[in-house]
Number of protein chains: 2
Amino acid sequence: MTAMESVGEFRFECGESVDDLRLAYEAYGEFDGDNAVLVCHALTGSQHVSNAPRSEDHEPVTGENDDTGDEDNAVDGAATTGVQTAGQARAWWDDVVGPGKAIDTTEYYVVCVNVPGSCYGSSGPPTEGPDDGPWGTEFPPVTVGDWTRAQRRLLDRLGVGRLHAVVGGSVGGMNALDWAKRYPDDVRRVAAVATAGRLDTQCLSLDAIARRAITTDPDWNGGDYYGADRPNPDDGLAQARRLGHVMYLSKASMGRKFGRRAAGRGAFDDAPADPTGRFFPYREVESYLDYNADSFTTRFDANSYLYLTRAMDEYDLAAGYGSDAEALAAFEGELLALSFTGDWHFTVEQSRALADAAGDVDVPTAHHVVDSDHGHDAFLVEPESVGPPLRDFLRDGVDGRAIRDEGEDDDPDGSGIHSGGPDRAPVHASLFPG
Amino acid sequence: MTAMESVGEFRFECGESVDDLRLAYEAYGEFDGDNAVLVCHALTGSQHVSNAPRSEDHEPVTGENDDTGDEDNAVDGAATTGVQTAGQARAWWDDVVGPGKAIDTTEYYVVCVNVPGSCYGSSGPPTEGPDDGPWGTEFPPVTVGDWTRAQRRLLDRLGVGRLHAVVGGSVGGMNALDWAKRYPDDVRRVAAVATAGRLDTQCLSLDAIARRAITTDPDWNGGDYYGADRPNPDDGLAQARRLGHVMYLSKASMGRKFGRRAAGRGAFDDAPADPTGRFFPYREVESYLDYNADSFTTRFDANSYLYLTRAMDEYDLAAGYGSDAEALAAFEGELLALSFTGDWHFTVEQSRALADAAGDVDVPTAHHVVDSDHGHDAFLVEPESVGPPLRDFLRDGVDGRAIRDEGEDDDPDGSGIHSGGPDRAPVHASLFPG
């Protein structure tokens, strides 16, 4: 169950402040002084990372879990456009985080914090603002750096100083990288999963188009749509979500799942009023996108979507340093970059560049590439690929047994074809004794 | 200058008919009985393929050319939401078609027809319907097959029986392939450029999202927005166009052109009312997309966009035959498939599958792969890559000197790595004596 913590006045990187930043979080396992693992959620994720037993040191603020299934990569459950909604959600990494799982909650004290700007309980556009009503677009713009600083603040309140590890996927991976940059002494191990030092131009474009879909929906109304008497900008938010799903899948996985098949009876049938629809079919892939988009509008806030995609778009690991390598130069821990061959949202090449940069400044680093055609979703839907390297990284750092740094073996299949990866020598001495 | 021809009552594949299908077309060069080349335009293209001198055998119906530049792959010029607009356009393949160019208008009689359903003069949603006003969504749904049949009808009127060649790019390439399938005796050479036998699931999805953007724009009004007193669904059409541009470019070309740079002063500045815009920049890539999207809304009709993307999405070369190979089995001519390594809209793999299918039924075929990072736009912006193989194909068929069939050399760089291409033996005897 989600807990809430007020961390007091908070000044965002944009210069604006809130009087009392409230953070919704979940914690699992018992803290022993040296076993804290911060898990950072993805764009539309929540603090509800696992169904593992929660730590007993805080009061729950919400009721029952709502673990209805959701086939996509995010959370569902509570409507979120009200004020102060500590939305419940499907545990988005339950196959990876829990007792006996890769991130073992009987061994580690696992904390996951809903990021500021989101809509699962932490302060953000849909939560109560200073003027007797939701913040709406008066909420300060947030950055990934703000998320990191807010998490640092919360962990201080929880009595957690140095973290054993920070693990995050997608923009949560940027959040994890930001820890290595911002608090280089505070983290022993950073696992950056399906992420990059910055978004590429193509993804920036698609995010900008998604935001346009929201802001051109008349129901968005300049961001002022809260209250029972006003419609939410569902058309716009649904469009944004459709685009998101295309970004999360791959050409191969979409082809395999849906092909060009027409949707049969019983398909989600909110088919658009396309005039040519009287002759042409509604396809399975449209039905998938429409169903998930519709479901998304019941659990996510349109303004939060604007805020969080902006945070993702603007993140640049090198900012303030000139290069990724310099940004990571002070990092005292080890880095695992985990990437997926079918991921075009955050590519293998981007992960490789990240690992190379870290290696250049002698951060013990491994780049583990998973062969997968699941696209970006792979980090959520392939726990069997993600779990073992994460488990071994938490235990043994980059020398973990299940970790295969692409730099270790330049000719993996003996074909004489080199992988193109760096020739990064594995580092056998962790800076942090086990 | 565009000419118009009425081709009489026309029954579309959907079963609906129009009393008098009107076709806008341009023709260049002189017909000598055996030198006709049909060029098929892409989704938002027009009949205005070249600035070459027009044939003198028809009366122009529009005035001056408007050759203002347009950096994208399509045409611009006339507003198109009026009735019967024979829109002028930038000559979209002027570097390829013209006197002394690859498709040499001093040698060939080149015809390009605006496809039914479009908005550059041929019958379509914005043209006058039977009920004293534009057709709007009462216009019959169109298919690529309808385009082919309409072109056949027009060529009959022009006295052209057998074509020397049909050349088309993108969905125009599907149109070209449809000629080989539908009129297998009527074409000597088919050049299918940056195309495929069918769209893949990812592109189907993006097209469906683009259509949703239009149909959820309140100004679309069920397709009834014609007339000076009604606003066009510009927001929706602009969104569709933004998505289109992302599909036409590649990750590499977008990164190279725009990176993550903020747009400077003087950038197109119809920046959306994004609340976080007060802190985060408007980027060059957004400016590019917004500028082009805005310009697109002045020259293209939203209903036509719905109709034409549907035609593209639904095209399936194998339809009615069971496989691409069977669909091409009766084709008496030669096939050139031209693809571009950076194109993710119509991929090299799709072109290869097409060439393999044709080869399987003994159609003399070459698959020429251009190494390019320009994405799908390459077929428009790299005349130096596209021109020579087209020129030689028109002259000498698949044995043309500049054509390099990827099947000819399985180990192009001597590395021992096979390309994965078919081992298609070049065919040295054309079925059609020169």
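The values are calculated or read from the model by the stated rules, or taken from the named source; none is laboratory data. From a predicted model like this one, the values you see are computed outputs, not experimental measurements. Heads up, the Cβs are rebuilt from the backbone with ideal geometry, glycines too, and the neighbour counts pull from every protein chain shown. Surface areas here come from the heavy atoms of the whole protein model, side chains and all, with no ligands, DNA or RNA. Shrake-Rupley method; radii C 1.70, N 1.55, O 1.52, S 1.80 Å.
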| message | I need the inter-copy label distances for A:Pro99: point set 7 Å along Cα to C-beta, values in nm with one decimal, smallest first. | response | 8.7
| A:Tyr321 - accessible surface, heavy atoms, 1.4 Å probe, Å² rounded to 10 | 100
| query | Relative to the other copies, what are the label-point distances for A:Gly259, with labels 7 Å from Cα along the C-beta vector, expressed in nm at one decimal and sorted shortest first? | reply | 4.6
| message | Using +1 at the C-beta of Lys and Arg and -1 at the C-beta of Asp and Glu, which of B:Thr216, B:Ala252, B:Phe279 has the Cα lying farthest in the positive direction of the dipole of the stretch B:203-311? | response | B:Ala252
| said: About the Cα centre, and with charges only on the beta carbon of Lys, Arg (+1) and Asp, Glu (-1), how big is the dipole of the stretch A:203-311? Nearest 20 debye, please. | reply: 720
| note | A correct Stokes-Einstein calculation for the stretch B:115-155, using the alpha-carbon Kirkwood radius, 10 °C and 1.306 mPa s, returns a whole-number D in µm² s⁻¹ of 151
| Where the only charges are on Cβ atoms (+1 Lys, Arg; -1 Asp, Glu), what is the dipole of the stretch A:285-373 about its Cα centre, to the nearest 20 debye? | 200
| request: Take peptide B:212-224, look around each residue's Cβ out to 10 angstrom, count Cβ atoms belonging to other protein chains, and average those counts. | output: 4
| field | Low-density loop cleavage sites - trypsin sites (Lys or Arg not before Pro) in the stretch A:219-318, where at most 11 other Cβ are within 10 Å (DSSP) | value | A:Arg265
| field | Straight-distance crosslink candidates among lysines, where the alpha carbon sits under 23 Å from B:Lys251 and sequence neighbours closer than 8 are dropped | value | A:Lys251
| query | Quick one: Debye curve from the C-alpha atoms of the stretch B:203-311, no solvent, what's log10 I(q)/I(0) at q = 0.24 Å⁻¹? | reply | -1.31
| Which distances in nm, rounded to one decimal and ordered from shortest, link the label point of A:Gly15 to the equivalent label points in the other identical copies, with labels set 7 Å from Cα toward Cβ? | 6.5
| Test item: B:307-316 mean partner chain Cβ contacts at 10 Å | 3
| task | Evaluate peptide A:238-244: per residue, the Cβ atoms of other protein chains within 10 Å of its Cβ; return the mean as an integer. | result | 3
